[in-house]
1. Of all the residues that make up region 63-81, how many are crowded, with 19+ Cβ neighbours inside 10 Å, in contact (Cβ under 8 Å) with a residue 40 or more places away in the chain and part of a loop (DSSP other than H, G, I, E, B)?
2. Quick one: which helices (runs of 4 or more DSSP H) sit completely within region 82-199 and have at least 2 residues that are surrounded by fewer than 16 Cβ atoms within 10 Å (Cβ to Cβ) and within 14 Å of the ligand (Cβ to nearest atom)?
3. Could you say which residue among Asp72, Asp94, Asp105 is farther than 30 Å from Pro203 by Cβ, among the charged types (D, E, K, R) and modelled with pLDDT of 95 or more?
4. Within region 211-258, restricting attention to residues that are over 24 Å from Glu421 (Cα atoms) and out of contact with any Asp or Glu (no Cβ under 7 Å at 6 or more places or on another chain), which residue is surrounded by the most Cβ atoms within 10 Å (Cβ to Cβ)?
5. So, in region 207-242, of the ones that are within 13 Å of the ligand (Cβ to nearest atom) and among the charged types (D, E, K, R), which residue ends up farthest from Gly274 (Cα to Cα)?
Amino acid sequence: MEKEQDVTRRDFLKTAAVVAAASALPGAPAILAAPSPSQVVRFGMIGTGTEGCTLLKFATTIPEARCVATCDIYPPNLKKGVETIGTNPDTYEDYRKMLERKDLDAIYVVTPLNLHARMVIDALDAGKHVFVEKSMFFKEEEADQIRKVAAEHPKQVLQVGLQRRSSVLYQVAIEMIRKGALGKVMFVRAQWHRNNNWRRPVPDPKFERLINWRMYKEYSGGLMAELASHQIDVTNWAFGAEPLSVVATGGIDYWQDGREVCDNVQAIFEYPGGRKLLYSSILYNQHYDFDEQIMGDGGTLIITIGKGMYFREHAAKVTQAGAKENWWAGATVTKQATQEGIPIFPEHGNGEGAFLEREVRYARRWLASMGIFNYEEQHDPWWSEQTNFFASIRDGKPVAAPLEMGVADALAVIYANRAVETGQKVLWPTKPA
Ligand SMILES: NC(=O)c1ccc[n+]([C@@H]2O[C@H](COP(=O)([O-])OP(=O)(O)OC[C@H]3O[C@@H](n4cnc5c(N)ncnc54)[C@H](O)[C@@H]3O)[C@@H](O)[C@H]2O)c1
């Protein structure tokens, strides 16, 4: 017991430096002193629908910022936003009127995808810092339009709502990859599977397109934009690269209810060095739910918000007996450990009492010896991404999900949809040298 306490303490001391280092990562939640009123970021939100209200719910717990204005063209959602904030913000139907206000530091764009670029550009031109939901934009040409305006306003922060970038667990996963815990990482398989029609109830048919905008090509990039975009971003992060090409297929094969976007998409993105992302999203079976499975020749990591499992390779060296303490040398792992994995990021608790207690301990020590520590996610990434946004505005902290990350992500969505529509392999344009 004493020895075990020693090990735990030693591991903790070893990893304390890593914790400190991790909190310096761009995506790590900022720890800020209580702000003076003049430092509080005053923001307005355009679009207080589902995601807008989720963001607001977390924003109300962040002292560094206050939502003082909201805008929505659908009265019930405008009301919902006001109720979520609970502090009587000014309300607008026309976002341009809200942008005229001089007392707003920042604007959130949380509207249907087709509106993002116009609103981001207008908000930047109005002198505001901008938080825009993913996918960042709808059409390929909007990348350069946003880049141009952002370059004209270099002091304004622009952050994209790719909240996994602000998740401590994802940051640790990326650390594991960078420090070699997975060996040479060559392949990612990711999916987002649901078993529902992805529709929202509509109180009056005249609101169908406003409420179910996701179903229509005029406003939506379908499953690729709404779901895959998160996982493409994780893959770009894991590989440290953007794709070179994509082949994809999909169709309206199950929910033939007037929708215009696919109810299933499957895509293969090729990255430099032959690395690949195999992606699937379907709306008629939810067994596999959503996660990313990152595979290297030394191990596999299966992650999603809130949990992660680590599987060591070296199957040839598996023993039937108990694990040896040379875990970190990668030599001997029990069969159960390779097959059932190590809960690196358990959803609740820290793995004690779970299966493979001893190997979990060994694996953690091994990770600690590489400077990687398993964290509990202390805050929801929706909280962390906003805290990061405000810290970038107030203290110049690096932006957790900046412009080019959003551009890379949005272009991958657009090219994958083009591959589905044309049945052709789509190549990324070559970048100017
Ligand atoms: N990061 C995430 O995990 C996440 C999750 C869900 C949605 N999103 C993104 O958030 C965005 C919004 O999605 P949602 O699910 O909240 O959609 P939603 O339909 O629930 O909300 C969008 C809101 O925008 C309003 N709106 C439409 N046109 C407007 C206009 N011209 N001016 C002002 N308001 C207008 C609508 O009335 C609606 O209330 C999308 O880009 C979506 O991809 C991100």
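1. 1
2. Result: 95-99.
3. Checking each option against the conditions leaves just Asp105.
4. Among those that are over 24 Å from Glu421 (Cα atoms) and out of contact with any Asp or Glu (no Cβ under 7 Å at 6 or more places or on another chain), it is Ala238.
5. Checking each candidate, the answer is Glu208.
The values are calculated or read from the model by the stated rules, or taken from the named source; none is laboratory data. These numbers come from a predicted model, not from an experiment. Quick reminder, even Gly has a Cβ in these numbers, built from the backbone with ideal geometry, and neighbours come from all protein chains shown.
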